[in-house]
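Down below is the structure, laid out as C-alpha cells.
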Amino acid sequence: MWKRNIMNLFHLLKPKNCRYFSCASLQTKKYYLSNINLKFSHQHVFSAKKHETKNKVIENLNKSYLNTFTYRTHTCGELRSDHVGQKVTICGWVEFVRLSKFLLVRDSYGLTQCLINDSDINISDIPLETIVMINGTVALRPKGMYNTDMATGEIEVIIDKIDILNNVDKLPFNLRNYQKPKEQLRLQYRYIDLRFPKMQNNLRQRSLILHNMRKFLVEKHNFVEVETPTLFCRTPGGAREFIVPTHHPSLFYSLVQSPQQFKQMLMVGGIDRYFQIARCYRDEATRPDRQPEFTQLDIELSFTNLDGIVDMIEQLLQDSFPRDLPNSPFKRMTYKDALENYGTDKPNLTYEMKLKNVTSLFGHLKEPNLSAFTLPYSRKLGKLSTKYKNKINDLGKKYSVKIALNDNILKLIGDDIHNQIKCINGEENDNILAIGDRENACLCLGDIRELLAPLLKSKNLLLFKNSVEPLWVVDFPLFVKGENGLESCHHPFTAPHPEDLHLLDSDPLKVRSLAYDIVLNGNEIGGGSVRIHNPELQEKILQMLNIDSSNLHHFINALKSGCPPHAGIALGIDRLIAIACKAESIRDVIAFPKSHEGKDPLSGAPNEVNDEDKKYYHIKSI
C-alpha cells in the first residue's frame, strides 16, 4: 500500500516539484525512491528487456565509438557493473532531481542515476532539462535496490563535480509520455520533441535502414550513387511542381518531382547501376502518408526486366528492413484482381474481407457499362450507426455509384436477386451493394472496407495478422481516362506491355503497362516500371497524352543516342520507415516535417517576400 501511494503521489505532482520532498518517511526510504520505476519517464526505451526487439537500435550501437571526439568518457546508457570503481565523465539533460541528493541524467542513449556525497554540491536549484557534465566514480547500488527497468539500473555515479554547461528557460511542454503535447505544439518546438525516446529511436532506425540499403547496393551489387539536380525544368504529365523564380525575367526553375529523367539519361551515359537517396518535391496536400518534400530510394538498372527489379527489391528489403518479412518470392496480384477483390490498387492483406462481383445477376438491365459488387461482413456486427451510414452514403456520392445497405438492397433490387446475393455471400453475412461504373463501384467498396475493418476488429469479428504482408501489384493500365483525353496511369515514360502494343491505336484503355508497385499492409511503399527506350515509341506515347514533345527534346535526343533497355523503381523511404517503426504518420519518422497545411510550424514558412526580393526576382503578389 505504501509503495502504491508513493507512486500515485509522484504521478500527481509536476516533475519540477519532485525535489522538494522532505518528510521523514521519505528520507528513510530514499534508496527505494531512487529506484522507483518511473513509468511516466523515458525509461521504456532504455529498458534492457525491450532492446531485444528488432525495432530498438540504440542498445545495439557499437559503444566503443560513441564517445570518440567528445569530452565525455561514457554515455548515460552505457555504464554497468563492470565499470564499478572507474572515474567517468557523463553529459546530458537533467531528467529528475530528488531529495536534493539524487540526479537522473539523460542523453540520447539512456539514463544514469547520480548520487551526491558532498554537502558542498547543491543541486536543488537546477531546473529540469538543464545540460550538465558530471565527473564521478561508478558504484554499485545497494543490494535489493537495483532498477531492472533501467539498463544502468545496477549502478550509480557518485558525483565528484558537476558543471552546468547550459541553463534552460521554461520549456513549452514536459518531456513525459503521460502528458505528451498535441502534435502541432510538438512540431512548433521540434528541437525539444526530438528528445523523446520514440523520436530518437525512429531517426536512428531510419539512419540504420538507409545505411543497410547502401551496403546492399554498393558493397554487394556494385551500384553507383549519383546525385542529380534538384533545380530542373517542368516535367509535363506529372504532379504539380513547385516553381522557383530566378533573377532572369519570366524564367523559372521547377523543383523535381523525382530524378526520373536524370536517371534514365544516366542509363544512356553508361552508369548502368544507379541509385540515389533523393529529395523530391510535389505541390500537393499533406496527409499522414504524404509530405510536399519527401525522400525516396531511387534505383535504375540497364539490361533488366520486371522480374529483375522485383528480385532485387525483395533481396534489398530482406537485407535492410528490421521487421520479419516472408521468404521470396513475395505475392503478386494484377491490378484488375486487386481492384475487384479489394477495391484498391494497394490492398491490405493482413485481414480477409473481399468484394464479390455480382454483375452477372443484373444482366437483364442491359446496360453495358453497369457493374455491381458487394462487400459482405459479419452479421454479428448488428445495425450500423447513423455515423457509419452517413459516411458510406457520402462515399457513394463521391464515386457516383448507387449504394444500398442490407435491408435496402431488397427494396432496390427485389427479392430474387437479393436472395441470390445472400446465397453467394453466405447467410451469416450482411452486405453492402454498389452499382455503377466498374472502377468506381470497386473503389467505393474499397474505401468502405477500410472504414468497417477497424470496427469489426474492435468487436472481435475480423482477424488481423500481426505480420508484414508484402505484395507486388502488376499489369496496371498504361492509360486512364481523364477530363481532356488520355492520362498516364504511372508516368509518360512507362513502357506498354509488349502483348498489348497492337491495341495502342484501336483500344488504348485496354493496354497494360510494365509498371509495378510494392505494397506493405495497405501502404504503397514503392513503384516503378520498365521504361520506354525507343524514341519513336516515346514520341507516340507523348502524342497520345497530348504532351508537347518539344518540352522534352533533351530527353528524346538522349533516347536517340543509343539508349539501352532499362527499368527502375523508387521506394518511399518515409512510408517504409513509418511501417518499420510502427508509426502512425510519416511525420513521426521525419526530423522536421511539414504540418497538415504544408507549413513549417517551427519557422513559420512559407513566409512573405520583401519588396526588394520581389523586384530582384521580377515577381509580384496578386
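Per atom type, region 351-458 shows carbon and sulfur on 48% of its accessible surface, probed at 1.4 Å. Solvent-accessible area assigned to carbon and sulfur over region 228-272 amounts to 61 percent, based on a 1.4 Å probe.
Estimated from the Cβ-Cβ distance and a Förster radius of 25 angstrom, the FRET efficiency linking Arg80 and Lys161 is about 0.65. In the chain, a dipole from Cβ-located charges (positive for Lys and Arg, negative for Asp and Glu) runs towards its positive end, and of Phe69, Gly526, Asn369 it is Phe69 whose Cα lies farthest in that direction. Tyr351 contributes about 10 Å² of solvent-accessible surface, heavy atoms of the protein only, 1.4 Å probe.
The phi torsions of region 515-531, fed into the Karplus equation with coefficients 6.51, -1.76 and 1.60 and a -60° offset, translate into couplings of 9, 8, 10, 10, 10, 10, 6, x, 10, 6, 10, x, x, x, 6, 6, 8 Hz, rounded to whole numbers, with Gly and Pro shown as x. Modelled this way, with points 7 Å down the Cα-to-C-beta line, the labels at Asn406 and Asp319 are 5.3 nm from one another.
Dipole orientation for the chain: of the candidates Tyr178, Leu306, Ile556, Tyr178 has the Cα lying most toward the positive pole (charges on Cβ; Lys, Arg +1; Asp, Glu -1).
Distance between the 7 Å Cα→Cβ label points at Val480 and His596: 2.5 nm. Treating r as the C-beta distance of Glu427 and Arg287 and R0 as 30 Å, the FRET efficiency rounds to 0.15.
Dividing the summed helix terms, -39500 (n - 2.57) for each DSSP H run of n ≥ 4, by the number of residues in the chain produces a 222 nm estimate of -8000 deg cm²/dmol to the nearest 500.
Distance between the C-alpha centres of region 196-212 and region 289-341: 21 Å, rounded to the whole angstrom. Between the labelled values (1) 92, 66, 54; (2) 74, 61, 52; (3) 123, 80, 66, the entry that holds Cα extents along the principal axes in Å as derived from this structure is (1). Summing charges over neighbours of Lys540, with a neighbour being any other residue whose Cβ is under 15 Å away from its Cβ, gives -3 when K and R count +1 and D and E count -1. Summing charges over all other residues whose Cβ lies under 12 Å from the Cβ of Lys380, with Lys and Arg as +1 and Asp and Glu as -1, gives +1. Here region 351-458 yields Rg over Rh of 0.93, to two decimals, using C-alpha coordinates and the Kirkwood radius.
Taking the inverse of the mean reciprocal distance over all distinct Cα pairs, the Kirkwood hydrodynamic radius of region 83-150 comes to 12.8 Å.
Solvent-accessible surface of the chain, averaged per residue with a 1.4 angstrom probe and all protein chains in place: 49 square angstrom.
When only alpha carbons are used to place a centre, region 243-275 and region 347-423 end up 47 Å from one another.
For Lys510 and Lys215, a Förster radius of 51 Å and the Cβ-Cβ distance give a FRET efficiency of 0.75, rounded to the nearest 0.05. Note on region 293-367: with charges restricted to the Cβ of Lys and Arg (+1) and Asp and Glu (-1), its dipole about the Cα centre is near 540 debye.
Sum up the charges of everything whose Cβ sits under 10 Å from the Cβ of Gly153, counting Lys and Arg as +1 and Asp and Glu as -1, but leave Gly153 out.
-1
The values are calculated or read from the model by the stated rules, or taken from the named source; none is laboratory data. Everything numeric here is computed off the predicted structure, so don't read it as measured data. In this analysis, Cβ positions are derived from the backbone assuming ideal geometry, glycine residues included, and neighbour counts consider all displayed protein chains. These accessible areas exclude ligands, DNA and RNA; they are computed on the full protein's heavy atoms, side chains included. Shrake-Rupley method; radii C 1.70, N 1.55, O 1.52, S 1.80 Å.
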